[in-house]
Every structure is written in C-alpha cells, then in structure tokens.
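Everything on this sheet refers to the single structure shown next.
The values are calculated or read from the model by the stated rules, or taken from the named source; none is laboratory data. All figures in this text were calculated on a predicted structure; none of them were measured in a lab. Virtual Cβ from ideal backbone geometry, glycine too; neighbours counted across all protein chains shown. The area values use the complete protein model at the heavy-atom level, side chains included, leaving out ligands, DNA and RNA. Shrake-Rupley method; radii C 1.70, N 1.55, O 1.52, S 1.80 Å.
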Amino acid sequence: MTPQEIRNEKLAATLKTNLERRHFEVHYCKTSSDIRNKVAELMPEGSSVSWGGSMSIRDTGVTAMLKESGKYRIYDRDDVTTNEDKVAIYRKAFECDFYLASVNGISEDGEMVNIDGNGNRVAAITWGPAKVILIVGLHKVSKDLPSAISRARGTAAPVNMARFDLHTPCQTDGTCHDCLSKESICNYISIMRMSHPAGRHIVILTDEQVGY
C-alpha cells in the first residue's frame, strides 16, 4: 500500500469507531466500484429512492447504476424541467425508502456538517426517508467541528457557487465572506451529532476524492 492508503485505512477505522459510537451504520469502500456494489447490497430491489444535488453520488456512478438497473423506483429531480415538478420530487423524497447524499464536512470524532440553499437536502437527511445513505470521501475530514464548518463554508460552498454559476462574494474570490446575498446557498446549516433512530443513517467512507 502507498503511504496515503495506509493513512486512509487508519483514518477510516478511527472514523468508523467514532461514527458507530454515534449510532451510525458505517462501511469503508476504497473505490467507486466498491461503493456501487455496497449500495446495491444495501438497497433491496423495488425500493424507492431519491437524492439531492450531491456530486459525490454522481461522481461514484451510483445514480447512473441505480437508474440503468431498472430495479428501483427512482425520483430524480434531474429528470424534470419545471420548478413545480422539482419541488414535487423534493417532497416525494420524504416518503422514499432511501435517500442518497453526502456531507460538506465531517470532524474526526464523527460530527457531520451540511450547508443547503433551499433546505430540501438537509431536511430529508434529518427527517423523512426510512434510510439515508451518505457517501463521504475522506478528503472531507477535518480535525474538529469548527474546522468542519469552516471547510463546508470556505471550500465546498464556493465550489458549488461556481458549479451553479451564482453570483456571491465567494464566487468572486473563492473565500467565504459570511455574506447575506440573495443568491447565497449557505442558508441552512445542519450539524448531525448522532443518527436517530439508531442505524437510520448509513455512512460509506471512501478513499475516492468525490464531491466537494
């Protein structure tokens, strides 16, 4: 193994212990192929599933795999064009068997941070779908909770602003200004301390640098 792989295995083991202490179900998958296999293993055929705008689940090929399999009832906002239809899918997500997402930051002791513009993603992660699968690259790990929040706001948010081509101060210089822009996507900040009910949230840690 490379030095990076050795470090990642040790970090993943530490995170697994800390997350399980917080009542999360945890798996460690090194590659995108491993992740796709694990997701297929976790989701029974015929399950209903939805997701938000996470790039992690797209980068790993999970969403494409689920759609191409024809084995699941899928509610994908990318398949509709009107805002009204997208909102309907946002609401449908609360009734699904599974919701797929990632996080914007995670501390070494297992607290996870998400920032959202509309609130649909953090709302579904918090309450609604029977199970939530979170695919989390180890590059998102920070020392502690304040550092994880800083990563979410100072790293993930500016990149997502560029992805959506919205116009805020961080889009201009790549640095968080704690702005009050109408186009800000830092409207709702969620911190997950524990999974409730126990085991509702399934975390898949990975070596792959997926998402932002």
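Details
- Long-range amide H partners of residue 188 with built H, under 5 Å: 116
- In order along region 147-157, the phi-based Karplus estimate (6.51 cos²θ - 1.76 cosθ + 1.60, θ = phi - 60°) of 3J(HN,Hα) comes to 5, 5, 5, 4, 5, 4, 7, x, 10, 5, 4 Hz; Gly and Pro are listed as x.
- Dipole orientation for region 54-192: of the candidates 120, 110, 64, 64 has the Cα lying most toward the positive pole (charges on Cβ; Lys, Arg +1; Asp, Glu -1).
- Across region 85-126, counting alpha-carbon atoms alone, Rg and Dmax equal 11.8, 39 Å.
- Overall dimensions of region 61-131 as given by Cα atoms, namely Rg and Dmax in Å: 13.5, 41
- Residue (of 195, 179, 158) at the positive-pole extreme of region 124-198, dipole from beta-carbon charges: 195
- Share of alpha-carbon pairs per 10 Å distance bin for region 1-63, given as whole %: 18, 40, 37, 5, 0
- For the chain, the dipole from Cβ point charges (+1 on Lys and Arg, -1 on Asp and Glu) about the Cα centre works out to 320 debye, to the nearest 20.
- Expected-Rg normalisation [2.2 N^0.38 Å, Cα atoms] applied to region 125-186: 1.29
- Ligands, DNA and RNA left out, the accessible area of the chain computed with a 1.4 Å probe is 50% carbon and sulfur.
- The residues of region 55-141 expose on average 41 square angstrom of accessible surface per residue, using a 1.4 Å probe on protein heavy atoms.
- Residues whose placed amide H lies under 5 Å from that of residue 48, excluding near-sequence neighbours: 73, 97, 98
- Spin-label model distance (nm) - residue 144 vs residue 81, 7 Å beyond Cα toward Cβ: 5.2
- Among beta bridges that DSSP assigns inside the chain, antiparallel share in %, nearest 5: 25
- For region 1-67 versus region 89-157, the inter-centroid distance based on Cα atoms is 13 Å.
- Kirkwood-based shape ratio for region 1-127, expressed as Rg/Rh from alpha carbons: 0.99
- Close Lys-Lys pairs in region 43-202, where close means Cα under 20 Å and separation is 8 or more or interchain: 6
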